[in-house]
Each structure stands twice: as structure tokens, then as C-alpha cells.
Amino acid sequence: MKTMKSLIQIIALSLFLSSCSKLAVKPDEDNGVFGGADAKVTGSMKAKLDGKDWEAKKLEFGGALALVTLNGSIDTDNFISLEFIDTDLKLNTKYGLGTEKGDNELQNLLVKIKGEIYFATSGGVKFTKYTRGKTLSGEINGKLYDYLNKKEVLLENCTFSMTYNN
């Protein structure tokens, strides 16, 4: 129980710290991020979540220093959020989630479904393209667990592709 409390505190702190400099726009919508009239983020995030098709209506990615957060959301009660450290990130390499994390890996996956919060217990993420502050794409797969309601769901074939153009 103490380990779970610590994990929740670390994730909450990480989400708070990384939210300071995120790009928050809807796909294909010009929002003038950072004061640029021509700023635009395009992309998508799609998945099979708990056996059902899922697609984000709003995308965000960015972060402070080497901590990067990517989010895809339908609304505040339905989202997929992944945090990772981009230092020494290798493309096309599987990075473990939950109990499958390696010694030097920091990836945290948090998923909210109909207001219920799930954490990754196993699985992995693979980045296929990454340029800091510009492009991000890859795939996430994993088992998720809601410790409060004691429920498990699967996140399958979660593909994401986001580009920030200024």
C-alpha cells in the first residue's frame, strides 16, 4: 500500500510539473500557441481500450526540460496520458511499463475511463519518431489496473502521431 501511495504521488507531481509548458490544441486546429499566428498541431491518437474503439478529440504534448507528457483526451473523464524522459531516447525500442520497466526507464502511463483512473501494470511503449518540441509518434500497449475499484482493462494498439508546426 505504501508503494502505491508513493507511485500515485510521483505521478501526480510529474503531471503537475510537466503541465507548465504543454502544447494544448485540437488536431488540425490553429490555436496560435506561443503567440505565433500560424502555429498548428496536427495528429491523432487512436486505440482499442477495454475492447472498444477509442479516438482522442484533443491532443497535447510537451514538457519541461527532459520530462515530456503526451495526452490524448475525449474529455476530462476520458484520456490517455504518457510521461517519459527523452534523454537518450532510442527510436523503435520497446520501453517497459509497470512491472516491465527497466532500471533506467521512466515512463508513466495513466488512463482515465469514465472517471475511473487506471495505471499500467505491464506492457510497453515504442517511439517511432521524435524531435523535441516538433514531432512525436509511436505505439502503446499494456494492461491497466484501477486499484480503487479493482478492475483490469487492456490498452491495445494505441497509436499516436503529433506534429507541431510554427
query: Are any residues in segment 85-101 of a type in the set (Lys, Arg) and closer than 26 Å to ASN165 by Cβ, and if so, which ones?
result: LYS90
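Scanning segment 85-119 for residues that are among the hydrophobic types (A, V, I, L, M, F, W, C), farther than 23 Å from ASP53 by Cα and within 14 Å of the chain's Cα centre (by Cα), which turns out modelled with the highest pLDDT? So that I can check it myself, show each step before the final result.
Pass one, segment 85-119, residues among the hydrophobic types (A, V, I, L, M, F, W, C): 85, 89, 91, 97, 106, 109-111, 113, 117, 119.
Pick out the ones that are also farther than 23 Å from ASP53 by Cα and you get 85, 89, 91, 106.
Cutting the leftovers down to within 14 Å of the chain's Cα centre (by Cα) gives us 85, 106.
On the way: ILE85: 87, LEU106: 66.
Per the criteria, the residue is ILE85.
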Residue list for segment 41-69, restricted to those being within 17 Å of GLU156 (Cα to Cα) and part of a strand (DSSP E or B): SER44, MET45, LYS46, ALA47, LYS48, LEU49, LYS52, ASP53, TRP54, GLU55
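Would segment 60-71 turn up any residue that is within 14 Å of MET162 (Cβ to Cβ), crowded, with 18+ Cβ neighbours inside 10 Å, free of Cβ contacts under 8 Å to residues at least 40 places away in the same chain and touching a Leu at 6+ places or on another chain (Cβ under 7 Å)?
Just the residues of segment 60-71 that are within 14 Å of MET162 (Cβ to Cβ), to begin with: 60-63, 68-71.
Adding the requirement that they be crowded, with 18+ Cβ neighbours inside 10 Å leaves 60-63, 68-71.
Next, only the ones that are free of Cβ contacts under 8 Å to residues at least 40 places away in the same chain stay: 60.
With touching a Leu at 6+ places or on another chain (Cβ under 7 Å) added as a condition, the list becomes 60.
Yes: segment 60-71 contains one or more residues that are within 14 Å of MET162 (Cβ to Cβ), crowded, with 18+ Cβ neighbours inside 10 Å, free of Cβ contacts under 8 Å to residues at least 40 places away in the same chain and touching a Leu at 6+ places or on another chain (Cβ under 7 Å).
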- request: Write out, first by first residue and then by second, each pair whose Cβ atoms fall under 7 Å of each other, whose residues are 6+ apart or on separate chains, and whose first residue, in segment 36-58, is more than 18 Å from THR69 (Cα to Cα) while the second is at pLDDT 65 or above and assigned to a loop (DSSP other than H, G, I, E, B).
  value: GLY36/ASN166; ASP38/ASN166; ALA39/ASN166
query: Could you list, in sequence order, the residues of segment 96-140 that are over 23 Å from ALA66 (Cα atoms) and surrounded by 20 or more Cβ atoms within 10 Å (Cβ to Cβ)?
result: ILE113, TYR118
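Which of the residues belonging to segment 107-157 are free of Cβ contacts under 8 Å to residues at least 24 places away in the same chain and assigned to a loop (DSSP other than H, G, I, E, B)? Give the derivation first.
Filtering segment 107-157 for residues free of Cβ contacts under 8 Å to residues at least 24 places away in the same chain gives 131, 138-139, 141, 150.
Matches in segment 107-157: LYS150 only.
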- prompt: What do you reckon, is THR93 within 15 Å of GLY124 (Cβ to Cβ), out of contact with any Leu (no Cβ under 9 Å at 6 or more places or on another chain), loosely packed, with under 14 Cβ neighbours inside 10 Å and among the hydroxyl-bearing types (Ser, Thr, Tyr)?
  reply: yes
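Here is a check on your reading of the model: is LEU82 under 13 Å from the mean Cα position of the chain (by Cα) and closer than 20 Å to MET162 by Cβ? Outline the logic, then answer.
Numbers: under 13 Å from the mean Cα position of the chain (by Cα): yes; closer than 20 Å to MET162 by Cβ: yes.
For LEU82, the condition - under 13 Å from the mean Cα position of the chain (by Cα) and closer than 20 Å to MET162 by Cβ - is met.
The values are calculated or read from the model by the stated rules, or taken from the named source; none is laboratory data. Predicted model only: the values in this text are computed from it and were never measured. Cβ coordinates were reconstructed from backbone atoms using ideal geometry, including for glycine residues, and neighbour counts include every protein chain displayed.
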